[in-house]
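Here is the structure we will look at, set down as structure tokens.
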Amino acid sequence: DAGVIQSPRHEVTEMGQEVTLRCKPISGHNSLFWYRQTMMRGLELLIYFNNNVPIDDSGMPEDRFSAKMPNASFSTLKIQPSEPRDSAVYFCASRESGQLAFFGQGTRLTVV
Amino acid sequence: AQKVTQAQTEISVVEKEDVTLDCVYETRDTTYYLFWYKQPPSGELVFLIRRNSFDEQNEISGRYSWNFQKSTSSFNFTITASQVVDSAVYFCALSEARGATNKLIFGTGTLLAVQP
């Protein structure tokens, strides 16, 4: 298995533009997580899905952020419109219930 | 509510020193998992260990050891004879073991710098 795959690895965009981050979880994993990592706040859980259903989105910072999981093998995190303070590394992770969480390599987002 | 506290923001040691990274957690659940992850400068997150709340045995893996104490809600991580390659950010994390509520909550991380 190739592990959790995130794309793009790096994204530079202008303020106000829409940004879409993508994640392909490990096949067979039933939970998917989106995390944001910043110097100030460390790793923050944004949202997680169980069996493609959003369970807890309380970490999503504001309405500009949205996440979808249309099927078991794909999820997106969208920011619209993006702002400079959204600059961070965004990690996707997947796991089976009670098992290890495996992380993607992250998407480094820079909003200028 | 669940919470993980890593009070040490940064630690700097000289190679071959032992170093302990602290982790204190809060949960109302009786069944949960604790984790440590390493994030080297390259940025990826590397799993180190998972501990079930019912298993308080300490664990040793090479130069790494973990001390789980339910009485103090702590899950500390010790690196013996540190090496420059140990330089990284280390995250402690907590997860409930119940079915649907499966989220992994991280501490803010401890940056470990091992000087040659």
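The values are calculated or read from the model by the stated rules, or taken from the named source; none is laboratory data. Keep in mind that this is a model prediction, so the values were computed, not measured. Methodologically, a virtual Cβ is constructed for each residue, glycine included, from the backbone with ideal geometry; neighbour enumeration extends over all protein chains shown.
One table, with the values for the structure above:
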| read-out | value |
| --- | --- |
| From A:Ser87, A:Ser73, A:Ser94, residue being of a type in the set (Gly, Ala, Ser), modelled with pLDDT of 90 or more and closer than 21 Å to A:Gly16 by Cβ | A:Ser87 |
| Enumerated strands (runs of 3 or more DSSP E) restricted to region B:44-116, each holding at least 2 residues that are closer than 27 Å to B:Asp29 by Cα and β-branched (Val, Ile, Thr) | B:46-52 |
| Scan of region A:30-43 for residues that are closer than 26 Å to B:Leu111 by Cβ and either over 15 Å from the mean Cα position of the chain (by Cα) or crowded, with 17+ Cβ neighbours inside 10 Å (or both), ordered by number | A:Phe33, A:Trp34, A:Tyr35, A:Arg36, A:Gln37, A:Met39, A:Met40, A:Arg41, A:Gly42, A:Leu43 |
| Tabulated pairs, region A:30-50, first more than 9 Å from every other protein chain (Cβ to nearest Cβ), second outside any strand (DSSP E or B) and buried (at least 23 other Cβ atoms within 10 Å of the Cβ), C-beta under 6 angstrom, 6+ apart or interchain | A:Leu32/A:Pro25 |
| Long-range neighbours under 9 Å by Cβ, at least six apart or interchain, first residue facing chain A (nearest Cβ under 10 Å) and crowded, with 19+ Cβ neighbours inside 10 Å within region B:87-101, second modelled with pLDDT under 85 and in a strand (DSSP E or B) | B:Val89/A:Gly42; B:Phe91/A:Gly42; B:Ala93/B:Leu104; B:Ser95/B:Leu104 |
| Any hit, region A:83-105, residues being away from chain B (no Cβ under 14 Å), over 23 Å from B:Gln39 (Cα atoms) and either touching a Gly at 6+ places or on another chain (Cβ under 9 Å) or free of Cβ contacts under 8 Å to residues at least 12 places away in the same chain (or both) | yes |
| Selected residue (only one of B:Val4, B:Val19 is under 17 Å from A:Glu44 (Cα atoms), under 16 Å from the mean Cα position of the chain (by Cα) and buried (at least 18 other Cβ atoms within 10 Å of the Cβ)) | B:Val4 |
| When residues of region A:63-97 are limited to those that are surrounded by 21 or more Cβ atoms within 10 Å (Cβ to Cβ) and aromatic (Phe, Trp, Tyr), the one farthest from A:His10 (Cα to Cα) | A:Phe91 |
| Leading residue by the ranking (modelled with the lowest pLDDT) among those in region B:7-16 that are among the aliphatic types (A, V, I, L, M) and surrounded by fewer than 14 Cβ atoms within 10 Å (Cβ to Cβ) | B:Ala7 |
| Qualifying residue in region A:48-61 (condition: at pLDDT below 95, crowded, with 16+ Cβ neighbours inside 10 Å, closer than 18 Å to B:Leu45 by Cα and not acidic (Asp, Glu)) | yes |
| Subset tally (residues that are among the acidic types (Asp, Glu) and either surrounded by 14 or more Cβ atoms within 10 Å (Cβ to Cβ) or within 11 Å of the chain's Cα centre (by Cα) (or both)) for region A:1-29 | 1 |
| Looking only at region B:22-44, and only at residues there that are hydroxyl-bearing (Ser, Thr, Tyr) and exposed (fewer than 12 other Cβ atoms within 10 Å of the Cβ), the one that is nearest to B:Ala81 (Cα to Cα) | B:Ser42 |
| Hits in region B:7-56 (condition: touching a Phe, Trp or Tyr at 6+ places or on another chain (Cβ under 7 Å), in contact (Cβ under 8 Å) with a residue 60 or more places away in the chain and more than 11 Å from chain A (Cβ to nearest Cβ)) | B:Leu21, B:Cys23, B:Tyr25, B:Leu34 |
